[in-house]
Every structure is written in C-alpha cells, then in structure tokens.
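Each value in this text was obtained by applying a stated rule to the coordinates, not by laboratory testing. What you see is a predicted model; the values in this text were computed from it and never measured. Quick reminder, even Gly has a Cβ in these numbers, built from the backbone with ideal geometry, and neighbours come from all protein chains shown.
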Amino acid sequence: MGPQLLLTFPSVHYAIRAEKALNQAQIENKTIPTPREVSTSCGLCLVVPLEHEEKILSGQVEGLEVEAVYVYDKKEKTAEKRPMKGSL
C-alpha cells in the first residue's frame, strides 16, 4: 500500500463527525490510531485514498473539519503536512 491522506483532529468528537461526512460524500475512509510520526492532540485519525486529496484540501466535503492533513507513507514512516482551506 502506497501513500495515503491522513486526517487529524483536535478530539474524538471531530473524528466521528468527519467519518460521517466522508461516508456521506462516498469517500472511502478508515479510522486508525494516530501514528507516532504525526503529533496531534487526538489519538484517532482517518486515512483516505490519495486520489481524494484535491477534494479534501479544497474544502469540498461538506461538514468535514480537520486539524491537519498529511500525505502519510506507512512503509517509509513519513508524514508530509499539506495546507488546507478552512482547517481548525
């Protein structure tokens, strides 16, 4: 599995709301523990396929509020932060 988008949140509440928003937008997502490579105040994050990067970064997913967005490569253990319109 190659790089994916990793979405972080300030709290579990935001993660749950984001999961619902992504499901309504029919964007595949998975909840995972936040990797050590990514520093955040919430222990949960969502991963989504990289193909949805533009839609997520441009704020096109209604109801999606995130703290930060990273391109995350689990194999390489790297996380590159991406700028996002309207992040928390």
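At-a-glance table
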| item | result |
| --- | --- |
| Kirkwood-based shape ratio for the chain, expressed as Rg/Rh from alpha carbons | 0.91 |
| Relative contact order (percent, whole number), segment 4-82, Cα cutoff 8 Å, 6+ residue spacing | 42 percent |
| Signed unit charges on C-beta, dipole axis of segment 4-82, positive-most listed residue 52, 79, 63 | 79 |
| Partners for residue 77 among aspartates and glutamates (Cα-Cα distance below 17 Å; same-chain residues under 8 apart left out) | 37 |
| Phi to ³J(HN,Hα) by Karplus 6.51 cos²θ - 1.76 cosθ + 1.60 over segment 72-79, Hz, x for Gly, Pro | 10, 10, 4, 5, 7, 6, 10, 9 |
| All lysines inside 21 Å of residue 85 as judged from Cα atoms, apart from same-chain residues fewer than 8 positions distant | 20, 55 |
| Candidates 68, 25, 15: whichever shows maximal mean-square fluctuation once the chain is modelled as a Gaussian network with Cα springs under 10 Å | 25 |
